[in-house]
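A short write-up of the structure that comes next.
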Amino acid sequence: MRIAVISDVHSNMEALSAVLRHAGSRAPIDGIWCAGDIVGYGAEPGAVIAALRARGVVTVAGNHDLAACGRMDTAEFNPLAATAVEWTAKQLSGAEAAYLRGLPLVATPAPQVTIVHGTLQHPEWEYLLEPAQARDHFALQETPYSIVGHTHLQLLIEEGDAGAPPAVRAMADGERHELGERRLILNPGGVGQPRDGDPRAGYMLYDDGAAAVSWHRVEYDAAAAAAKIELAGLPPFLARRLLIGR
Ligand code: ZN
């Protein structure tokens with residue numbers, strides 16, 4: 001089973017198309033798992049929802065998905081994010097909003113894997129970056145591996161031996177990790193809005209046949225995605241940040 005693992009697509013159809021093309025270029029993929037934030041920030045929420053649903057995505061809800069369909073209010077969003085949420089809510093059809101409302105906070109797409117947007121202790125909001133947070137997350141993780149998003153950073157977190165803290169490592173394009181006994185938290189990075197200074201779209205391939213996971217970066221037409229954001233009347237910073245990966 002060869003799965004494209006994605007997160008934080010954020011209504012960026014250009015980035016999503018490039019990632020799915022790249023993922024299927026060497027061999028066909030058998031599925032797509034997504035750690036949430038399908039919508040928000042970008043200009044094409046409907047197209048992204050349709051493309052993912054057509055390919056049978058298994059996804060959890062992220063904070064932007066929850067806010068755009070009215071399951072969460074925007075009080076805790078920064079002003080730019082809240083503006084984008086309100087714009088997104090107006091674009092969604094009744095069926096698209098209903099789809100987002102129906103998404104779970106936690107999913108188990110395979111017996112070995114749990115997916116959540118933030119952390120298992122705080123699915124909607126927590127940015128999983130520190131060993132102490134990873135330890136709390138591992139305490140709730142019932143599968144060998146879990147997939148998280150929300151930080152828009154490509155990370156590998158390995159559980160420590162008894163008493164030792166988990167090890168958090170940033171992953172680069174083409175890096176690969178063998179799946180073994182040690183429990184893991186995997187972050188594929190941001191498809192539609194990378195934040196590590198590299199504007200290329202990020203994603204991960206999970207291959208249980210090869211017992212390995214690999215991280216990838218893909219060039220895409222960020223200028224076209226940025227132009228659509230400006231044309232939609234969304235805050236110009238949301239367009240500019242795509243070009244610098246921040
Ligand atoms: Zn996000």
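Which value in nm describes the separation of the simple spin-label points at T143 and L129, placed 7 Å from the Cα toward the beta carbon?
With each label point 7 Å from Cα toward Cβ, the separation is 2.6 nm.
What fraction of the Cα pairs in the chain, stated in percent, has a spacing above 32 angstrom?
The share of Cα pairs beyond 32 Å in the chain comes to 14 percent.
Give the Debye-formula value of log10 I(q)/I(0) at each listed q (0.18, 0.21 Å⁻¹), with one equal scatterer per alpha carbon of region 13-101, two decimals each.
These q points yield log10 I(q)/I(0) values of -0.77, -0.99.
Please build a GNM for the chain, connecting alpha carbons under 10 Å apart, and tell me which residue among R101, R26, R182 fluctuates the most.
R26
Taking the alpha-carbon centroid of each part, what is the distance from region 100-137 to region 146-187 in angstrom?
13 Å
With each run of n ≥ 4 DSSP H residues scored as -39500 (n - 2.57), what mean residue ellipticity at 222 nm is computed for the chain after dividing by its residue count and rounding to the nearest 500 deg cm²/dmol?
-9000 deg cm²/dmol
Counting DSSP beta bridges with both partners in the chain, what percentage is antiparallel, nearest 5?
Values: 26 of 38 bridges.
The antiparallel fraction comes to roughly 70 percent.
Mean separation of Cα pairs under 8 Å and 6+ residues apart, divided by the residue count of region 1-102: what relative contact order is that in percent?
Worked out over region 1-102, it gives 27 percent.
Could you work out the relative contact order of the chain? I mean the mean sequence separation of Cα pairs under 8 Å and 6+ apart, divided by the number of residues, in percent.
23 percent
Using alpha carbons only, how many degrees (0 to 90, rounded to 10) separate the axis of helix 45-54 from the longest principal axis of the chain?
Computed tilt is about 50 degrees.
What whole-number value in cubic angstrom gives the convex hull volume per residue for the C-alpha atoms of region 105-234?
Taking only Cα atoms, region 105-234 has a hull volume of 122 Å³ per residue.
Express as a percent, rounded to the nearest 5, the fraction of DSSP beta bridges in region 137-246 (both residues included) that run antiparallel.
Here the share of antiparallel DSSP bridges comes out near 85 percent.
Counting only DSSP beta bridges with both residues in region 85-184, what percent are antiparallel, rounded to the nearest 5?
Antiparallel: roughly 65 percent of the beta bridges in region 85-184.
Compute the helix-to-body angle for 79-91: its Cα long axis versus the longest principal axis of the chain, expressed 0 to 90° and rounded to tens.
70 degrees
Angle check, please: helix 222-231 long axis (alpha carbons) against the longest principal axis of the chain (alpha carbons), in degrees 0 to 90, nearest 10.
For 222-231 against the chain, the angle is about 40 degrees.
With r defined as the distance between the Cβ atoms of D136 and L231 and R0 fixed at 45 Å, what FRET efficiency is calculated, to the nearest 0.05?
After rounding to 0.05, the efficiency reads 0.60.
Each reported figure results from applying straightforward, stated rules to the coordinates on display, with no laboratory input. Since this is a predicted model, take the numbers as computed values, not measurements. Every residue, glycine among them, receives a Cβ derived from its backbone with ideal geometry; neighbour counts consider all protein chains shown.
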